[in-house]
C-alpha cells in the first residue's frame, strides 16, 4: 500500500513525501545536468518503495533513459521495466515501473484521428503531402503533442504516478505554454489568411497584398494546397481548444508539481533560476529543486579543515617521521602539502555551494542534493543508488 499522502496545505519536507502527494511530477532543467537520470531515478524509487503503477515519460529526444532501464524498442507505447532488472539490482519492488518515449509523428496521427470531425476528414489530413512537414514545425508541435500525450496518460487512469522528463529548460518553457499557443494559432489572423483561397476566390483588401507577394514567391497551386490543408485542419478547432484548456488546467492542478534539476555551475544555475521565475510567473507549483554533482558535506567540517591546514604547515615534520620505505621525505612533504591545499580549495567551493543552496531554498518546497558519482549511471541499480541520495 502507498504511504498516506501528506496534507496538501503543508509543504513537503522530502522528495519521498512530495512524490507520495502527487500524481504528476514534471522534471525540468538545462541539458547535461542529470535531468533524465533524476526523473528515472525518482520513478524507480517510487515504484520500489511506494508501490502502485509508475510511469516515466521522456519527451527529450536523447535516448539515455532506455539504456538505463534496460529497455529495447523504446517508443510511444509504454513498456514495463523487466522484473529481472529489479532482481539484478537486489530489489523486490512494491509496485511496477513503466517507461515510454514520445513518438511525435505517431502521437500527431492519433490526435488527428481523435479530433477530426469524421474519418474521411482525418485521412484527408493524414494523406496531405504537407502534413508531415507542417505538423513537425508549427506552433511548437513537439511540445504541444507532449502535453496531449501526458493528458491522455493521466486521464486514462492506468498510472498512480507519472514522472515526465522534459526537453532542456528554454524548450521546456515552450512545453508549458504550447497548449495556449496552439489555441491562439487556431484563432489567429495568419490561419484565416492561409485558408482564404480554399474558402473563396474573392480576397478582401487586407489580404490581397499578402497573396500577391506569396503568389509570386510560392506559386498559386502551392498556396491552394496550403489553404486546403489548413482548412481541413481547422475542422479540429473545437477539440484542440477544449483539450488545450484541459491540459493547462492539469498543469495547475494540485496533483501536479515541478522539479527543477540543475548543477551549481554558473550557466545551468542561471537556467534553473530562469525556469523557477517562469514557473512562478505562470503560478505553477515548484515542488523541489534537485542539485546534482554537489561536493560532499565533510568538506564543510571545521575539524577536517584544521587537519588540512596542519597537513600543509607541518608537512616536512610529518614526512620526516614516516618510514624511509615510503619515499624521500622532501617528496612526501610536497605531496602532503598539495593534499592539504587541495582540501582547503575544495572546502571553499563547498562553502559557496552551501550558500547557494540556502539561497535556492527560498523557492521550492524541497531542496535535495546528489553527490558526484564515480561512475556513470547505466542500469536500474545505478538509478536506485542515485535516487536513494535525494529520496529521504
Note: among 242, 325, 309, just one is in contact with a helix residue (DSSP H, G or I) (Cβ under 8 Å, 6 or more places away or on another chain), surrounded by fewer than 19 Cβ atoms within 10 Å (Cβ to Cβ) and more than 25 Å from residue 29 (Cβ to Cβ), namely 309
Apart from one, (1) within 29 Å of residue 50 (Cα to Cα); (2) surrounded by fewer than 16 Cβ atoms within 10 Å (Cβ to Cβ); (3) touching a residue at least 12 places away in the same chain (Cβ under 8 Å); (4) touching a helix residue (DSSP H, G or I) at 6+ places or on another chain (Cβ under 8 Å) all hold for residue 363; the odd one out is (2)
Residue 293: passes all of (1) over 23 Å from residue 17 (Cβ atoms); (2) in contact with a strand residue (DSSP E or B) (Cβ under 6 Å, 6 or more places away or on another chain); (3) not in a helix (DSSP H, G or I) but (2)
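For every residue, the table says whether it meets (1) over 30 Å from the mean Cα position of the chain (by Cα); (2) surrounded by 15 or more Cβ atoms within 10 Å (Cβ to Cβ).
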| site | (1), (2) |
| --- | --- |
| 330 | yes, no |
| 333 | yes, yes |
| 342 | yes, no |
| 351 | no, no |
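Being under 26 Å from residue 38 (Cα atoms) and surrounded by fewer than 14 Cβ atoms within 10 Å (Cβ to Cβ) is true for just one of 267, 320. Which residue is that?
None of the other options fit; the residue is 267.
State all residues of the stretch 23-35 that are in contact with a strand residue (DSSP E or B) (Cβ under 9 Å, 6 or more places away or on another chain) and at pLDDT below 95; if no residue qualifies, say none. Full working, then the answer.
Narrowing the stretch 23-35 to residues in contact with a strand residue (DSSP E or B) (Cβ under 9 Å, 6 or more places away or on another chain): 23-30, 33-35.
26, 27, 28, 29, 30, 33, 34, 35, listed by residue number.
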Subject >> Qualifying residue in the stretch 366-381 (condition: part of a helix (DSSP H, G or I) and in the same structural domain as residue 42 (by TED's automatic domain parsing)) >> reply: yes
Of the listed residues (347, 368), the one being over 24 Å from residue 87 (Cα atoms), surrounded by 14 or more Cβ atoms within 10 Å (Cβ to Cβ), touching a strand residue (DSSP E or B) at 6+ places or on another chain (Cβ under 6 Å) and at pLDDT 90 or above is 368
Across (1) at pLDDT below 60; (2) in a helix (DSSP H, G or I); (3) surrounded by fewer than 16 Cβ atoms within 10 Å (Cβ to Cβ), residue 197 clears everything bar (3)
Residue set 92, 78, 96, 72; condition at pLDDT below 90 and touching a helix residue (DSSP H, G or I) at 6+ places or on another chain (Cβ under 9 Å); output residue 72
Out of (1) under 24 Å from the mean Cα position of the chain (by Cα); (2) surrounded by 14 or more Cβ atoms within 10 Å (Cβ to Cβ), the one residue 237 does not meet is (1)
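Here is a check on your reading of the model: is residue 33 surrounded by 24 or more Cβ atoms within 10 Å (Cβ to Cβ), touching a helix residue (DSSP H, G or I) at 6+ places or on another chain (Cβ under 7 Å) and under 20 Å from residue 156 (Cβ atoms)?
On the way: surrounded by 24 or more Cβ atoms within 10 Å (Cβ to Cβ): yes; touching a helix residue (DSSP H, G or I) at 6+ places or on another chain (Cβ under 7 Å): yes; under 20 Å from residue 156 (Cβ atoms): no.
It is false that residue 33 is surrounded by 24 or more Cβ atoms within 10 Å (Cβ to Cβ), touching a helix residue (DSSP H, G or I) at 6+ places or on another chain (Cβ under 7 Å) and under 20 Å from residue 156 (Cβ atoms).
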Flagged in the stretch 110-127 as touching a helix residue (DSSP H, G or I) at 6+ places or on another chain (Cβ under 9 Å) and more than 15 Å from residue 240 (Cβ to Cβ), in numbering order, are 119, 123, 124, 126
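The values are calculated or read from the model by the stated rules, or taken from the named source; none is laboratory data. The shown structure was predicted, so the numbers you read here are calculated from the model rather than taken from an experiment. Every residue, glycine as well, gets a Cβ built from its backbone with ideal geometry; the counts of neighbours run over all protein chains shown.
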